[in-house]
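> Take this structure first; my questions come after.
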Amino acid sequence: MYTTRQLAEHVHSIASRPPEVSTRDAALRCILDLIGAAVAGSGLKSCCAARDSAAALFGKGDAPMWMADRTATPLGALMANATAASALDLDDGHRAARGHPGACAVPTVLTLAPLARVSADDVLSAIVAGYDVGVRVAAAQNPQGIQTRQSGRWAALAAVAAAASLSKVEPSITSQALSIAGVLAPNQQANGSSGYSRLTGNDVKEGIPWSAVTGLMALDLARNGYTGPEDLLDHPAYYDSERILEGLGQRFEICGTYFKPYACCRYIHPALDRLFDLVKAHELTAADIVSVEVETFGWVLKLGNVLKPSNLVEIQYSLPYCIAIAVLEGRDALAPIDDSLLNRQDLSEFARKVSTTVNPDIEAVFPTETLARVIVETRQHRYVSALDGPVGDPRRPMDWCAIEEKFLRVTRHVLTPSKQQAIIDGVLGVAAGDIEPLLAHLHSPNIL
């Protein structure tokens, strides 16, 4: 049996029963975290452009675009919602995938849910299915055959799985849809930290929104008889099918999700956390610091790391500039970032004090772990942090309370306190079996 067919059978099995307690709780955290990221990013120019283009290119429809009081076709609304979800780099990720399943799977499910008669369990199961298929496929990529690591390369298969689970599509159709999506997904060869372009400060980023749309299109094409190469995942030069199928039905990848306290590339987070450790322990200020050295893994050096960012995306991919923000402005300035951080001479000057080196011990455990050590020099002392990973990883998890605190923090400039609480209550309502209040609050802006 082709691997795509085995995944399709797996998706159908997930959809046929209530989610387990562990996956249910993980899905609820993923929903609230992702909505927070989407709300925080909804006012950016890229998100406004996506909403305008969705209405113009995909036409009129009944699917809601979040925080906008506007509707479009399902494809258009999904494009807009996934753009908002991934715009600020606040969305979750998975170490095995080296990418971001939530910005695809959660918008796919919550965009389609208002258009169908689905239960809260259907929604949770569909999100679990999307994460499981997307992460498994991403983790199985052979870097010799698939040289880009961007999420858009595999997120379309996550969208297929999520949508197929929600609609309880027959496995034979889901298998074809996975095959179609795997071929048509954006190749992402130019963009991101693993792409050949060095201009990382652009809105294309990981290609998640278009990949989600591709997955939804692939499922509809398969329903209408369109076919793809079902052996897509069965060629070891490109995918390790054993990794895809390992523990299928016993281990669910959503339970390995990491969450991001800061609106920047995850590769920067361990350095930020080690810096904050030193700042707190020794009561350091910007005036005290002569230099900051970050020991990390090689992929960090492939980021843009510009010292004078011209836009918010360039900030997201600049370790020196994020370190400067952390020191001069504090933790909250990174969640979310905004235009006030651009064109700041003081931040650029401090960023020049930051150096980055590859530590062989850290490099040896990447990508299973993403570690960092930070060394801060003052005029009197040299402070060395522990060697550790970022907050939000499964080994240093963010529980429901931490996710709720993050949601309140990142949406504080967008939502009224009553609206914030209504969305939190809406997600808790999903746990109690009621999806309608949450969907209603996503469609109604009620912003500051």
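> Looking at (1) out of contact with any Asp or Glu (no Cβ under 9 Å at 6 or more places or on another chain); (2) modelled with pLDDT of 95 or more; (3) part of a loop (DSSP other than H, G, I, E, B), can you tell me which one residue 392 breaks?
Unmet condition: (1).
> Continuing with this model, one more query. Would a scan of region 89-105 turn up a residue that is crowded, with 24+ Cβ neighbours inside 10 Å, of a type outside the set (Phe, Trp, Tyr) and over 25 Å from residue 366 (Cα atoms)?
Checked region 89-105: at least one residue is crowded, with 24+ Cβ neighbours inside 10 Å, of a type outside the set (Phe, Trp, Tyr) and over 25 Å from residue 366 (Cα atoms).
> Looking at region 36-60 only, could you name the residues that are farther than 13 Å from residue 78 by Cα, buried (at least 24 other Cβ atoms within 10 Å of the Cβ) and small (Gly, Ala, Ser)?
Selection gives 36, 37, 40, 41, 42.
> Which condition number in (1) part of a helix (DSSP H, G or I); (2) more than 30 Å from residue 434 (Cβ to Cβ); (3) out of contact with any helix residue (DSSP H, G or I) (no Cβ under 7 Å at 6 or more places or on another chain) is the one that residue 181 fails?
That leaves (3) as the condition not met.
> Hey, could you check region 378-390 for residues that are surrounded by 15 or more Cβ atoms within 10 Å (Cβ to Cβ) and touching a Lys or Arg at 6+ places or on another chain (Cβ under 9 Å) and say which is farthest from residue 367 (Cα to Cα)? First the steps, then the outcome.
First, the residues of region 378-390 that are surrounded by 15 or more Cβ atoms within 10 Å (Cβ to Cβ): 378, 383, 385, 387-390.
Pick out the ones that are also touching a Lys or Arg at 6+ places or on another chain (Cβ under 9 Å) and you get 385, 387-390.
Working: 385: 21, 387: 15, 388: 14, 389: 11, 390: 13 Å.
Here the answer is 385.
> Just to verify a result, which residue in region 243-273, among those that are open to solvent by 60 Å² or more (accessible area, probe 1.4 Å) and either in a loop (DSSP other than H, G, I, E, B) or without any contact (Cβ under 8 Å) to a residue 40 or more places away in the chain (or both), is farthest from residue 370 (Cα to Cα)?
Result: 250.
> Let me ask another. Here are the criteria: (1) crowded, with 24+ Cβ neighbours inside 10 Å; (2) under 21 Å from the mean Cα position of the chain (by Cα). Tell me which single one residue 72 does not satisfy.
Here residue 72 meets the rest and fails (2).
> Sticking with this one: Any chance you could count how many residues in region 396-430 are surrounded by 15 or more Cβ atoms within 10 Å (Cβ to Cβ) and either of a type in the set (Gly, Ala, Ser) or in a loop (DSSP other than H, G, I, E, B) (or both)?
8
> Out of all the residues in region 432-448, which are surrounded by 15 or more Cβ atoms within 10 Å (Cβ to Cβ), part of a helix (DSSP H, G or I) and at pLDDT 90 or above?
Within region 432-448, 437, 438, 439, 441, 442 meet the criteria.
> Checking residue 145 against (1) surrounded by fewer than 22 Cβ atoms within 10 Å (Cβ to Cβ); (2) at pLDDT 95 or above; (3) closer than 30 Å to residue 197 by Cα, which test does it fail?
Exception for residue 145: condition (2).
> Here are the criteria: (1) loosely packed, with under 15 Cβ neighbours inside 10 Å; (2) modelled with pLDDT of 95 or more; (3) in contact with a Lys or Arg (Cβ under 6 Å, 6 or more places away or on another chain). Tell me which single one residue 367 does not satisfy.
Failing condition for residue 367: (2).
> OK, next. Would you point out which residue out of 25, 52 is under 21 Å from residue 400 (Cα atoms) and not aromatic (Phe, Trp, Tyr)?
The conditions single out 25.
> For region 21-35, check the following and say yes or no: at least one residue is open to solvent by less than 10 Å² (accessible area, probe 1.4 Å) and of a type in the set (Asp, Glu).
Looking for residues that are open to solvent by less than 10 Å² (accessible area, probe 1.4 Å) and of a type in the set (Asp, Glu), one finds at least one in region 21-35, hence yes.
> How many residues does region 332-350 hold that are among the charged types (D, E, K, R), buried (at least 18 other Cβ atoms within 10 Å of the Cβ) and under 18 Å from residue 268 (Cα atoms)?
So the answer is 0.
> Shifting gears a bit: Criterion first (crowded, with 24+ Cβ neighbours inside 10 Å, in contact with a strand residue (DSSP E or B) (Cβ under 7 Å, 6 or more places away or on another chain), in a helix (DSSP H, G or I) and not acidic (Asp, Glu)) does residue 138 satisfy it?
yes
> Step by step: first the residues of region 14-24, then only those that are in contact with a helix residue (DSSP H, G or I) (Cβ under 9 Å, 6 or more places away or on another chain) and assigned to a helix (DSSP H, G or I), then the one that is farthest from residue 129 (Cα to Cα). Which residue is that?
For region 14-24, the residue satisfying everything is 22.
The values are calculated or read from the model by the stated rules, or taken from the named source; none is laboratory data. Here the structure is a predicted model, which is why all the values come from computation and not from measurement. For neighbour counting, all protein chains shown are included, and Cβ atoms are generated from backbone atoms with ideal geometry for every residue, glycine included. The accessibility values were calculated without ligands, DNA or RNA, using every heavy atom of the protein model including side chains. Shrake-Rupley method; radii C 1.70, N 1.55, O 1.52, S 1.80 Å.
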